[in-house]
Amino acid sequence: MSAPPLFPTLPGQGWSVRKKPVFSTIVAAHVSGREVRDALYQDPIWQFELTFDGLGSDATSYPGVGAQSLQALMGLYLQCQGQYGTFLYSDPSDNTVANQTFATGDGATTAFTFARSLGGFLEPVGWVTSVAQVTVAGVAQSAGWSLTAPNGLVFSAAPASGALIGASFSYAFSCRFEDDSVEFEQFMQNLWRVDSLKFRSVRTS
């Protein structure tokens, strides 16, 4: 599986950044006031909204916003054909973990899904971009494992029953744009902005 294109890191990105976890729950209320709830999502869909105060359309007029940053962002949107295609977004505040324990061996299973915790909530990551270290029962594994796209860890031999499996790794959210159109506004010569760019995570496994 080949990796989708990366969302560009652009110095002209503005404030604020919005990030929203979304669940889906069926709630059936009774006349007594009691209710039955059924959670449809085990893990959230993440919604993002970014703004860009400055995007340069040439290489020299506004070096502080990045040479041809307009083309970089607009080009990604066109490459994805709006909502159709996917891309990888590395959230600056949520893209790497160290010594993250995310699974327990049972003596038979060899494939596991990389995950990271937020507080007490463990969630599979969308796409693992690099792995610095894998540990089994606290011991670093120099060999005997492989990374499979998008977020799989496969051992050549099953870890022992009860052995904690962890890793230090980087990851990105696999995303698509929310809309089939986006407005780029030119407000000075060779200088553009985007007031709102919305996208959301998509399931990879």
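The values are calculated or read from the model by the stated rules, or taken from the named source; none is laboratory data. Keep in mind that this is a model prediction, so the values were computed, not measured. With ideal geometry, Cβ positions are generated from the backbone for all residues, glycine too; neighbour counts draw on all protein chains shown.
Odds and ends about this structure:
- The stretch 1-34, residues that are β-branched (Val, Ile, Thr) and more than 20 Å from the chain's Cα centre (by Cα): Thr25, Ile26, Val27, Val31
- For the stretch 126-141, the criterion of being in a loop (DSSP other than H, G, I, E, B), crowded, with 16+ Cβ neighbours inside 10 Å and touching a Leu at 6+ places or on another chain (Cβ under 7 Å) is satisfied by no residue at all.
- Output for the stretch 45-81, where each listed residue is over 23 Å from Asp180 (Cα atoms), assigned to a loop (DSSP other than H, G, I, E, B) and within 27 Å of the chain's Cα centre (by Cα): Gly66, Ala67
- Scanning the stretch 31-53 for residues that are β-branched (Val, Ile, Thr) and in contact (Cβ under 8 Å) with a residue 12 or more places away in the chain yields Ile45, Thr51.
- Residues that are surrounded by fewer than 19 Cβ atoms within 10 Å (Cβ to Cβ), among the small types (Gly, Ala, Ser) and under 30 Å from Thr104 (Cα atoms), drawn from the stretch 157-205: Ala157, Ala158, Ala160, Ser161, Gly162, Ala163, Ser168, Ser170, Ser205
- Scan of the stretch 155-171 for residues that are within 19 Å of Ala98 (Cα to Cα) and either β-branched (Val, Ile, Thr) or out of contact with any Phe, Trp or Tyr (no Cβ under 8 Å at 6 or more places or on another chain) (or both), ordered by number: Ala163, Leu164, Ile165, Ser168, Ser170
- Cβ-Cβ distances below 8 Å connect the following pairs, each with a first residue in the stretch 161-175 that is touching a residue at least 40 places away in the same chain (Cβ under 8 Å) and closer than 14 Å to Ser117 by Cα, a second residue that is aromatic (Phe, Trp, Tyr) and not in a strand (DSSP E or B), and a separation of six or more residues or different chains: Ala167/Phe114; Phe169/Phe114; Tyr171/Phe114.
- One residue from Tyr77, Tyr84, Tyr62 being of a type in the set (Ser, Thr, Tyr) and either more than 18 Å from Phe173 (Cα to Cα) or in the same structural domain as Ser117 (by TED's automatic domain parsing) (or both): Tyr62
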